Amino acid sequence: MSTERSTFMGPRIRRLRRDLGLTQVVMAEDLDVSPSYIALIENNQRPVTASMLLKLADIYRIDIASLARGAGDDFHAQISAAFKAPLFADLDLSPLEIQDFGSTFPATAEAVMRLYTAYQEGQLALADQTGGDSVGPDPVSEARRFLAARKNYFAEIDGPAEELAQHVNRAGGFEKYFNDQRLRVRRLPSDVMMGFTRRFDMHRREIVLEESLDGASATFQLALQVVYLEMNDVIGEILAGTSFETETGEKLTRRALANYAAGAIMMPYSKFARAAKDRNYDIEALGRQFGASFEQVAHRLTTLQKPGQEGVPFFFIRVDAAGNVSKRLDGAGFPFARHGGSCPLWSLHSAFSSPRQLLTQWVELPDGEKFFSIVRTVTAGGGGYGKPQVERAVALCCASQHASQLVYTKSVDIAAVKPTPIGINCRLCHRADCLARAEPPIGRSLLSDDIRRPVTPFGLADP
């Protein structure tokens, strides 16, 4: 094992020891070395040899690949990306200086990364406060801020999920994978399931699915059960560094991470990222290749942020016919993510008049930022006559400079496109001539209408 890779093993060995509930003395006895040698390893003052890795794997029954795989490379990439943020733009930091910092002081570098992530979450929390009355902690916003601060990408999940996907494929699919673990998959009618989509019966060693689920939904539920059986520790470790104001906020975040992991098993990162580029981000084509729904593929496309294997950065939003946002995922730092995207001029809100039809639109925000959006309605529930179902609209958006990579723009003269002017919501949009405005913008005075009445809903005084 190279010295460079060994440099990054210290914090991982320390974390392993603490996860196992061991002291340095006890681990030293298990490995037949001195406690001081364990201390030197954990402080990156001694390399972890190949024989030591094998001994760790044998004694503690751990996967040697999960302990040794490119953790250093991932950490270098993450800290390098953090130092590229505008916050540090005035500092003359060379890539070599950043790499030396991460290598020489890994624990301090990890502390800096935690502080930077907390800073991002704080910025997002401030952005959420757009003048509305506070009604106490918002668990949904907590979960969204957690995901947005990390740009909805979790290397800690994608690696293990990719390995689990390989195990499932070798077994011949999810059902055979569970059979190998002496678990049976059954499908039962909705009246027997009593309102549940999936249930794990530990006593009977059964995973039971509601029989009306379509193929993509059933596959996702089986992948989700794999996550809850095999990846709870991974998800718990991600959550351990964050304190939530509400218990519900933590549970929503845990569920979001589990859903992320299930999608990563269905659509493993390397294979999916390569296919997305090869197919020019054709959502329906990717769905057929991976046996996933339109929404599942759109969701997964927001996560392609792995350093060196990045895809087009996307933002995802899902709304119902009343405009309620039920899912918002940001892989690019778009302003939609912080403030909703509730402008009626956006095709997201007119999609319900054209069910299942794919709509594309170029849009421009008041500050001049331009985006390309892909919109379509999706249906949840149903599966039989009289079964309840709900229709929602989902949108996948990217900045205009990335739009040329998408199959949807291949026959478009991008330079000649005139985008639709929209706002992220009325309170933050200062376009005075908008007929669709529902509220006056923050910080603008209204014109008195005692002697004149403008065509627009609100006459705005000059700023």
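The values are calculated or read from the model by the stated rules, or taken from the named source; none is laboratory data. Quick caveat, the model's predicted, so the values are computed rather than measured. Cβ: placed from backbone, ideal geometry, glycine included. Neighbour counts: every protein chain shown.
From the list ILE424, ILE442, exactly one residue is in contact with a helix residue (DSSP H, G or I) (Cβ under 7 Å, 6 or more places away or on another chain), closer than 21 Å to ASP320 by Cα and in contact (Cβ under 8 Å) with a residue 24 or more places away in the chain. Which is it?
ILE424
Quick one: count up the residues across the range 402-439 that are assigned to a helix (DSSP H, G or I) and of a type in the set (D, E, K, R).
1
Based on what the data block shows, is SER411 without any contact (Cβ under 8 Å) to a residue 24 or more places away in the chain, within 31 Å of the chain's Cα centre (by Cα) and in the same structural domain as SER342 (by TED's automatic domain parsing)?
Yes, satisfied.
Would you pick out the residues in the range 31-56 that are among the acidic types (Asp, Glu) and exposed (fewer than 14 other Cβ atoms within 10 Å of the Cβ)?
ASP32
State all residues of the range 395-423 that are of a type in the set (Ser, Thr, Tyr) and in contact with a Lys or Arg (Cβ under 7 Å, 6 or more places away or on another chain); if no residue qualifies, say none.
Passing the criteria: only SER400.
Regarding the range 362-380, can at least one residue be identified that is among the polar types (S, T, N, Q), at pLDDT below 95 and over 30 Å from ASP158 (Cβ atoms)?
Within the range 362-380, not a single residue is among the polar types (S, T, N, Q), at pLDDT below 95 and over 30 Å from ASP158 (Cβ atoms).
I need the full set of residues from the range 18-30 which are modelled with pLDDT under 85, assigned to a helix (DSSP H, G or I) and surrounded by 13 or more Cβ atoms within 10 Å (Cβ to Cβ), in order please.
If the condition is that a residue be modelled with pLDDT under 85, assigned to a helix (DSSP H, G or I) and surrounded by 13 or more Cβ atoms within 10 Å (Cβ to Cβ), then ASP19 is the only one that fits.
Find the helices (runs of 4 or more DSSP H) located wholly in the range 217-305 whose residues include 1 or more that are under 21 Å from ALA148 (Cα atoms), and list them.
Correct list: 232-240, 247-266, 269-278, 294-301.
Got at least one residue in the range 234-246 being under 17 Å from the mean Cα position of the chain (by Cα), at pLDDT 95 or above and closer than 25 Å to LEU213 by Cα?
No, the conditions are met nowhere in the range 234-246.
Within the set of pairs 6+ apart or on separate chains, which have a first residue in the range 278-295 that is under 17 Å from LEU358 (Cα atoms), a second that is β-branched (Val, Ile, Thr) and part of a loop (DSSP other than H, G, I, E, B), and C-beta atoms under 8 Å apart?
Qualifying pairs under 8 Å: TYR281/VAL312.
Taking the range 164-197 on its own, how many of its residues are in a helix (DSSP H, G or I) and either crowded, with 17+ Cβ neighbours inside 10 Å or touching a strand residue (DSSP E or B) at 6+ places or on another chain (Cβ under 7 Å) (or both)?
9
Condition test on VAL325, is it more than 15 Å from the chain's Cα centre (by Cα), in the same structural domain as ALA393 (by TED's automatic domain parsing), surrounded by fewer than 20 Cβ atoms within 10 Å (Cβ to Cβ) and aliphatic (A, V, I, L, M)?
yes
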